[in-house]
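> Here it is, the structure, as structure tokens.
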Amino acid sequence: MYPEDMSHAPQERAVEVHYPTPIHPAAPAAAPLVPVQPGSVPTVASVVLPDGRVVTGYALEPAKPEPVAAKPPVSRAAVNIALGGIGFGAVCGGLFLLTTFITALTALITQLITFAAVCFGGFVAVQIFKTNDAKSGITFHVRKAVFKRNHFNG
């Protein structure tokens, strides 16, 4: 129940040693056995140790993977069809992006033209409708203008 006294050094503790039981051959051999290398690996391998004991065991064969089933070759037509489909998809995506870009650019240009027209029209309207005292050096006489032969005569 109490813990073991650990005040002694590890060398002073009792150590139990277990020795394996030797294997004795069933019939004593008349002459000492000499290990002979067989031409092929036998199903049961025996080894003679230096002290005369014989150790017998089964030889383990390395695990062999199952043979891979031969795949049928892929025809060139199938490869060409697959690559053509990938190329067609890439071209369609590129054309879609191109048309989207052109549409966005057209909308941007339209908005810039509208913005310029509104700004210029607002400037003209302010110049026309402000009082005579607050007018700047730019004068617009829209009502007094005379158009003759495609010329503006103010």
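The values are calculated or read from the model by the stated rules, or taken from the named source; none is laboratory data. Keep in mind that this is a model prediction, so the values were computed, not measured. Please note that ligands, DNA and RNA were not included when accessible areas were found on the heavy atoms of the full protein model with its side chains. Shrake-Rupley method; radii C 1.70, N 1.55, O 1.52, S 1.80 Å.
> Report the extension gain between VAL124 and ILE102 in nm, rounded to one decimal, defined as 0.36 nm multiplied by the number of residues separating them, less their alpha carbon distance. All intermediate terms of the calculation are to be shown ahead of the outcome.
Values: separation 22, 0.36 × 22 = 7.92 nm, distance 3.29 nm.
Contour length minus the Cα-Cα distance gives 4.6 nm.
> Kindly write out, for segment 86-94 in residue order, the coupling ³J(HN,Hα) from the Karplus curve 6.51 cos²θ - 1.76 cosθ + 1.60 (θ = phi - 60°), rounded to whole Hz, with x marking Gly and Pro.
Working through the residues one at a time gives 5, x, 4, x, 5, 5, 4, x, x Hz.
> If you don't mind, there's one more thing I want to ask. Through the Karplus equation 6.51 cos²θ - 1.76 cosθ + 1.60, θ set to phi - 60°, convert the phi angles of segment 114-119 into ³J(HN,Hα) values in whole Hz; use x for Gly and Pro.
4, 4, 5, 5, 5, 5
> Given a 1.4 Å probe and the protein chains all in place, what does the accessible area of LEU95 round to, in Å² to the nearest 10?
Rounded to the nearest 10, that gives 100 Å².
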